[in-house]
Every structure is written in C-alpha cells, then in structure tokens.
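A short worksheet on the structure shown next.
The values are calculated or read from the model by the stated rules, or taken from the named source; none is laboratory data. Nothing here was measured: the structure is a model prediction, and the numbers come from that model. For neighbour counting, all protein chains shown are included, and Cβ atoms are generated from backbone atoms with ideal geometry for every residue, glycine included. Remember, those area values only see protein heavy atoms, side chains included, never the ligands or the DNA or RNA. Shrake-Rupley method; radii C 1.70, N 1.55, O 1.52, S 1.80 Å.
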Amino acid sequence: MASARSVVIGSMALNRSGLNRRYALNRRPLMGSSFTGTWQDLPRSLRCQRKQKGNRSSRLVVVDELAGQYEDAFEDVDQQLVHYFTYKAVRTVLHQLYEMNPPVYTWLYRFVGTNGASNGKVFLRALAKERQDLAERIMVTRLHLYGKWIKKCDHAKMYQKISDENLQLMRERLIETVIWPTDDTTTEKIG
C-alpha cells in the first residue's frame, strides 16, 4: 500500500493514499488568522459532515461555505431607514412650524427633546397620543421624503462610494503600517 501524504489547506489536512481519500481535521487553532478558535468552535453548519451512502464508506460533504454567513434579509437596514426618514420628517415639520406656527413648533421641539426621534415607531406612537395631527403630518412627510429619495437614489453610485471609501481606508491603513526609511539611513548607504 502506498504511503499516505498530507496536504494542509487552512485548518483542514487532506490525507491521500492511493485512490482512497480521507479527510482529517487539523485540530490546532488557525495561527496568523482572524479566527482564534479550533475547528470544533465553528458552528455545526460550517463544518463538514459525514454522509452515508448505503454500504459504501462514508465521505465528507461541505454543508455551508466557509467564506462567511451573510444574512439573506436586511430587515435591520430597512428599520434603520424608516427611523432615519422619521427623523428627517420631524426636522422638516419642525422647520415648517418654525415659520408658520411658532407655538406648535415650541411644543413639538420640547416633545422631541423629551421623547427623542431615534426610534420612529415608538416616537410616533407617543406623539399620536398627544397630538394626532402632528403625528399624521410627520408620517405623511416621511413617506413623501422616502418617495423623493428613492427616485434620486443611484444604487451604482452608492456602491461606488462605498467601494471608494473602503479603498481609501485601506490605503490610509497601509500608509500607517509602512516603515519609511529615514534620511539618516539613506545617506549612510550612499556614503
């Protein structure tokens, strides 16, 4: 029988002996990686699982990708957008009231100061109990502002902005980590 040889790939060692392939896990933590635990520390969905096929020997099947788990839904982002448009609508209504109805502006300004508009749903519930007309005005305004934003939002431009910002941040970090030679070291080598 041929001797087994191993190839280490990340935290998994691939043992090969002739035609029979067996997979063995390297139980040491990943060194020099952002992961600090062992293979067993990963969630079960990220590990390989053995799959039985009748009387044949078992083999490993990758259940999930190791690249990372990303949420399929972005409910948290949606909720943050709703909160932001509520905040924006409150500011817009406050500006309108400042010019048209200063006493109501003062009341709403104080209400916002005590209740805060960071959570749109909670804020509008509380406002509707106190002043239904203002709550409805803010709800209509936030819907209008969202409609304007969705027409002006350029998704390709937003993607490019995020990409450019990521690149700029990585450049800044690279500049911070590079050790630049001083003038003293360059003159010593020349002379």
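Before moving on, here are some points about what is shown:
- The 1.4 Å probe gives accessible areas that order THR106, THR141, largest first, as THR106, THR141.
- Heavy-atom accessible area for TRP107, with the other protein chains in place and a 1.4 Å probe, reaches approximately 80 Å².
- Accessible-area rank, largest first, for MET100, MET170, MET139: MET100, MET170, MET139, with all protein chains present and a 1.4 angstrom probe.
- Here the extension length gained between VAL77 and TYR98 equals 4.4 nm, from 0.36 nm per residue of separation less the Cα-Cα distance.
- Neighbour net charge for LEU81 - beta-carbon separation under 14 angstrom, K R +1, D E -1: +1
- The stretch between ASN115 and LYS148 holds 9.2 nm of extra length on full extension. This uses 0.36 nm per residue minus the Cα-Cα distance.
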